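Q: I am attaching a structure below and will ask some questions about it afterwards.
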Amino acid sequence: MMFFSVKARLYLYTFSITSLTWALVFATVIFGLKGLIVSLTEDALEIRSEILASALPLSYFDEGDPALTNWLEQIAQTPPNFVDAGFDSDSSYQIWYNGEVIIKSYISPVMPEPTKEGAGSFFDQNQDDDIVWLTHATKIEGKNAWAVATEDMELAFEGIFPFALVIFIFISENFPYVFVILPLSFIGLFLGIKKAISPIIEISEKIETREDKDTSIIKLKRNPIEIKALIDKINVCNEVIKRHETELNASLESEKKFTANAAHELLTPLAAIKSEAQLRERQTNDPVQKEGLAAISLRVDRATHTVEQLVTLARLDPKTAQEKLKDVNLCNIIQNVSAELGNKINEKNIDFRISLSDQCNLKGLASAISVLCRNLVDNAVRYCSEDGVVSIEVFSNASNLTLRIKNTGRPIPDYMRDYIFDRFVRGAGEEETGSGLGMSIVKRVAEIHRAEVLLSDPEDMTGVQVDVIFPI
């Protein structure tokens, strides 16, 4: 299962979208400025080329006119201010006459011969970095002459990053507050998101801190529309659970009373029947009657055991899990149960082995754990082979305390493993007496203590191994 936070997702999406928006805004501004600079440059070049063309007397371009030579010498020595910006300028001009450059500024690119009026651009192939130049050519009326103004546009055309850097520096020098607004916008968005989803966080914390058994109505001062239906549904479910819990408790209480009364009514006549059968068995000398009366006593014992197990199972209701758990010493319980079954162990000549841990304490209900241990040890002894082995171990680690009981005997068939914890389930052809309730009682006690019951085949013997793993 993958977990995620709505707040984190909102932060991520908002940060990504806002960053992208700012990036698009800056990109739009940069490309807009680039286009504006190119447009303004073209307009300036047009004005410069027209001024340059109008400043040249037409007679200067007559063949053999000595005035042209004098003018060229004069302008070469003192270039007009409106034509040449000097050594450090990227602006330049050229005067073309009959396909040749007759006048040019101090810094002037190598450009193709102009053939039409208007704006254009070209690469100066003599430059290593292939600088882009914008140009505007104006025809000198009546002559095969052109006045050309040019501008180096390396920064605007050679790469967006250098141009963006210049824009960044320009903004930082002239509009520094922009770089304050940017982080403040992110902070404002984050605070706004936190404030907007605070009701959802409040609901989440309130539900998380509720106890498992708390089915009270969830009430909040602010209930967002987006989750109102969810909260209403939870409250309805809590009401249904509370009502069903009340009905279930009443039903369980009634069942407990009925079971207790029924057990009392059954145990009394069963005890009387067994006493009567034992009395008649001692009074008669007929072997057939003795055998029949002994069989009756065994059947009565089995019925009595079943009634006692049913009473035990009825007492292990869900309310038992709500009782206050106390420190329980599992090793002491195992020793007491083993002592109670000593006669059965001796009758079958069982090799009974116990290995206990120094750490035997766990939180639980002593009476319920005693029932679990008695059923497991009794089953291990009951279904152990003659002269067999019953081994009981208690060992622990940092998080668990494990009770392991195994015996020699017939293993549990595979088809029985999925049903062994159901009520009244016994193996086919089973000769040992029993009610089929012992393992269901073990399972119920384990559930009350949040323990795990595992069935397996022992590694060192042929038989059955049961592990009960208690959390500590």
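Q: Calculate, for residue 36 and residue 186, the FRET efficiency according to 1/(1 + (r/R0)^6) with r their C-beta to C-beta distance and R0 22 Å; round to the nearest 0.05.
A: 0.15
Q: Using a 10 Å cut-off on Cβ atoms, rank the peptides 388-396, 293-301, 176-184, 8-16 from the highest mean neighbour count down.
A: 388-396, 293-301, 8-16, 176-184
Q: Order the following by accessible area, largest value first: 448, 217. Probe radius 1.4 Å; ligands, DNA and RNA are ignored.
A: 217, 448
Q: Which whole-number value in Å³ per residue fits the convex hull of the alpha carbons of region 348-420?
A: 118
Q: With a Cα-only, solvent-free Debye model of region 331-472, what are the log10 I(q)/I(0) values at q = 0.21 Å⁻¹?
A: The Cα Debye sum returns log10 ratios of -1.49.
Q: Beta carbons within 10 angstrom, averaged per residue: use that to sort the peptides 345-352, 188-195, highest first.
A: 345-352, 188-195
Q: Whole-Hz ³J(HN,Hα) for each residue in region 240-249, computed from phi via Karplus 6.51 cos²θ - 1.76 cosθ + 1.60 with θ = phi - 60°, x for glycine and proline: what do you get?
A: After applying 6.51 cos²θ - 1.76 cosθ + 1.60, I find 5, 4, 4, 5, 5, 5, 4, 5, 5, 4 Hz.
Q: Right, next: Of the listed peptides 141-153, 367-379, what is their order by residue-averaged count of other C-beta atoms within 10 Å, with the highest listed first?
A: 367-379, 141-153
The values are calculated or read from the model by the stated rules, or taken from the named source; none is laboratory data. In this text the structure is predicted, and so the values were computed from the model without any measurement. No Cβ is skipped: glycine too gets one built from the backbone with ideal geometry, and neighbour counts run over all protein chains shown. These accessible areas exclude ligands, DNA and RNA; they are computed on the full protein's heavy atoms, side chains included. Shrake-Rupley method; radii C 1.70, N 1.55, O 1.52, S 1.80 Å.
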